[in-house]
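Here's the structure we're looking at; comments come further down.
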Amino acid sequence: MDSMLVKSGHQLNGEVAASGAKNSALPLLFSTLLAEGEHVFHNVPKLKDIDSTCQLLNLFGCETQHDGQVLRVKVNRLKSQLANYDVVRKMRASILCLGPLVAKYGEAQVSLPGGCAIGTRPIDLHLEGMAALGAEITQESGYVVAKTKQLIGGDILFETVTVGGTENIMMAASLAKGTTRIENAAKEPEIVDLANYLNKMGAKITGAGTSILTIEGVSELKPAEHHVIADRIEAGTLLIAGAITGGEVTVTKCHPEHLPALIEKMRESGFKISHDKNSITVHKCNSWSGVDITTAPHPAFPTDLQAQFMALMTQAEGTSVISETIFENRFMHVQELMRLGANITPKTRVAVVRGNRGQMQGAPVMATDLRASACLVLAGLVAKGETKIGRIYHLDRGYERLEDKLSTLGAQIMRVQ
Ligand code: EPZ
């Protein structure tokens, strides 16, 4: 089992490119189930979760080929519509095969995902949405079974904003008979990217990026080609890596307009942030203030950057109150940061961080989930001495060669057995 060894004392400076967005590529790959033929995606990152998705598509009978940044998916007449537990338990996003399979083939059997480190993460809203489109949903020995002769468009109001739920219903409704209206839809850039691809395939979706989505069902969709948007969470992580070491880092091939809350909060904290159309720069800064953040659906502060921002706040002057409103257990990184000497008081869904710049000491720590592992890498850049992060496989789910990218910026970081 690999670990990551990070040495402190190196300011990060220079340019680094963001990869394609994991949380856009995953639903895009599942959307291919809606249209037989060959789909081509550019700017697809090499990540464990992408491999897991290709494995699941292969189980359905699709052929996948991922060379460099281009991923081709050949969808033939499926030989199975069963998403088995072994794959689903490794990646919750597997539930995104439900909508496309039911819409296109009238049936799907998807293993219940089970929880994960950051929370129970139910799928009730996905199932309620599918039922609203006429699918018969039953549960049989750990599997959700969904069946229909033909999905019928309908009105859906999500009581909680759900990214995956919005994606599943948007895909299913694309082939339903009639029109579907989703209220309180997620507005994340990844929703817009998926809607753009579905429309390229022939779907009729309007309102993507707003809280009201309208999908006029069509009888058939055709495969198409698409360039995946940049990963805003990776871009934000790389910016914070520059910021926490007091360096000047420019993240290229990204979309500044996808990170409004992070840019605003870093400026409020005292960082000078500049950007052009496809790059963001954090300028050198040797002292910054604690600021409060509350995570919430886009365009508010993204929960996927909460852990990374907390690492930055451990080095701030003053106190930062960090509120996590999306997941009930997304503070697993707090204990690990405290092992490094951070001064944090965790409460229920709120953590109070008292900045103690320069006080952290490197130590062995444990990654617990994807973004917590990124947080610990960032903390390792400034915790005096060496920090060894165990269970680094969590990191590989969502970051493409992070150690290489940070090394090019001047970090002393390496993967060890
Ligand atoms: C997506 O997860 C992302 N994953 C997550 O990123 C991200 O943290 C999350 O959206 C929120 O932005 C992918 O896109 C693959 P939700 P998703 O449905 O769709 C509750 C990362 O680090 N809920 O928006 O699973 C749920 O428990 C990952 O890259 C229900 O109650 O998130 C949570 O509290 C982590 N019932 C809230 O809604 C449901 O049926 C938001 O979840 C569905 C969700």
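The values are calculated or read from the model by the stated rules, or taken from the named source; none is laboratory data. Small disclaimer: the values here were computed from a predicted structure and weren't measured. Here the Cβ positions follow ideal geometry from the backbone for every residue, glycine too, while neighbour counts run over all protein chains shown.
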State all residues of region 378-417 that are hydroxyl-bearing (Ser, Thr, Tyr) and without any contact (Cβ under 8 Å) to a residue 60 or more places away in the chain; if no residue qualifies, say none.
-> Ser407
Subset of region 150-171 [away from the ligand (no atom under 11 Å from the Cβ) and β-branched (Val, Ile, Thr)] = Ile152, Ile156
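Here's the yes/no breakdown for (1) within 8 Å of the ligand (Cβ to nearest atom); (2) in contact with a strand residue (DSSP E or B) (Cβ under 6 Å, 6 or more places away or on another chain):
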site	(1), (2)
Gly106	no, no
Gln109	no, yes
Ala117	no, no
Arg121	yes, no
Leu125	yes, no
Gly129	no, yes
Ile137	no, yes
Thr148	no, no
When you go through Thr387, Thr348 one by one, which is the residue that is over 24 Å from the mean Cα position of the chain (by Cα) and either more than 22 Å from Pro302 (Cβ to Cβ) or surrounded by fewer than 22 Cβ atoms within 10 Å (Cβ to Cβ) (or both)?
-> Thr387
Restricting the first residue to region 209-229 and requiring it to be free of Cβ contacts under 8 Å to residues at least 60 places away in the same chain and at positive phi, which pairs with a second residue that is surrounded by 15 or more Cβ atoms within 10 Å (Cβ to Cβ) and in a loop (DSSP other than H, G, I, E, B) meet a Cβ separation below 6 Å and a spacing of at least six or different chains?
-> Gly209/Lys187
So which of Arg349, Arg357 ends up being under 23 Å from Ile233 (Cα atoms) and out of contact with any Lys or Arg (no Cβ under 8 Å at 6 or more places or on another chain)?
-> Arg349
Note on Ser320: of the conditions (1) more than 16 Å from the ligand (Cβ to nearest atom); (2) at pLDDT below 95; (3) of a type in the set (Ser, Thr, Tyr), unmet is (2)
Asn84: passes all of (1) over 19 Å from Ala224 (Cα atoms); (2) without any contact (Cβ under 8 Å) to a residue 12 or more places away in the chain but (2)
Report yes if Leu221 is modelled with pLDDT of 95 or more and assigned to a helix (DSSP H, G or I), otherwise no.
-> no
Scan region 250-272 for residues that are more than 22 Å from the chain's Cα centre (by Cα) and surrounded by 19 or more Cβ atoms within 10 Å (Cβ to Cβ) and jot them down.
-> Ser269, Phe271
What are the pairs, 6+ residues apart or on separate chains, where a residue within region 1-17 that is on the phi > 0 side of the Ramachandran plot and of a type in the set (Gly, Ala, Ser) has its Cβ under 7 Å from a residue that is assigned to a strand (DSSP E or B) and modelled with pLDDT of 95 or more?
-> Gly14/Val249
Checklist (1) surrounded by fewer than 17 Cβ atoms within 10 Å (Cβ to Cβ); (2) more than 13 Å from the ligand (Cβ to nearest atom); (3) touching a residue at least 60 places away in the same chain (Cβ under 8 Å) applied to Ser174, failing item | (1)
Hey, any hits in region 162-171 for a residue that's among the acidic types (Asp, Glu) and either surrounded by fewer than 18 Cβ atoms within 10 Å (Cβ to Cβ) or more than 26 Å from Leu370 (Cβ to Cβ) (or both)?
-> no
